[in-house]
Amino acid sequence: MATITLPENEEQINDVNGFYFMANPSTFNGDPILTLQINNGKNRSIKLKKKNVSIVLHYLHDNNIPFLNLHSNILPTIDVEDESYRSLLNEMFFILASCMMFILGFLFIRSGNNSFMQLNFQYLFGIACILVGATLLCHPAVKIKDNQLILKGYIHKSVIELEDILKVTICSLGKGELIEVVTKDYDYYSFPIKGGRLKALTSDLQQVGIDASYIYRNGAAE
């Protein structure tokens, strides 16, 4: 008999009649949460490693286990234009902070040792300030552009075709939000961000026919 084998968990696949995924942010602590609905009427929540999500979801799909919190009957109503979901206040904050770090960096470099062979503290600190300023310009952002959802972090950027997206959940975690995306091929993306118009993103994704929801930490969804 086939089994689902996960760290410290094992369930007989014949005892599972459905699963929930990206539905319970209240227990989120960095690992995706999969909840299995068992034939005995109980639910069992399991923490997955990000690298295992695609494998597990494929396995459940191949065994005809239904995705219980997936709403696939949403009809598209409009085409979404290119849009950035960073709020103006956050954009201004990062731009001003970056400018301040650039100015501070150049001031320290000018006051430092002019010899490139004998870099002193002021020179090194000035370089560090400039690097921090450049990093702030690359602050996390979410965009829709050319019918793609773009999740841009400080270093890594994920680009996902809208037509390939199966489900999106945005969770409010108190000090920020977490965007979780599952594609039709069961690729999984998670993207933490602070300060964005993410409820507007949810609405726009719904209008192109994508199952998207905004969930507060207490589990209430919009």
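Readers should treat all values here as calculations from the given coordinates under stated rules, not as data from a laboratory. None of these values were measured; they are calculated from a predicted model. Every residue, glycine as well, gets a Cβ built from its backbone with ideal geometry; the counts of neighbours run over all protein chains shown.
Points to keep in mind about this one:
- For Ile127 and Ser158, a Förster radius of 25 Å and the Cβ-Cβ distance give a FRET efficiency of 0.25, rounded to the nearest 0.05.
- Selection of trypsin sites (Lys or Arg not before Pro), the stretch 155-210, meeting DSSP coil and at most 15 other Cβ within 10 Å: Lys175, Lys184, Lys194
- Here the relative contact order of the stretch 134-199, from alpha carbon pairs under 8 Å that lie six or more residues apart, stands at 21 percent.
- Restraint check, Lys167/Lys199; Lys143/Lys167; Lys143/Lys199; Lys50/Lys145; Lys47/Lys145, Cα-Cα greater than 22 Å: Lys50/Lys145; Lys47/Lys145
- Full-extension gain in nm, Thr183 to Lys51, via 0.36 nm per residue minus C-alpha separation: 46.1 nm
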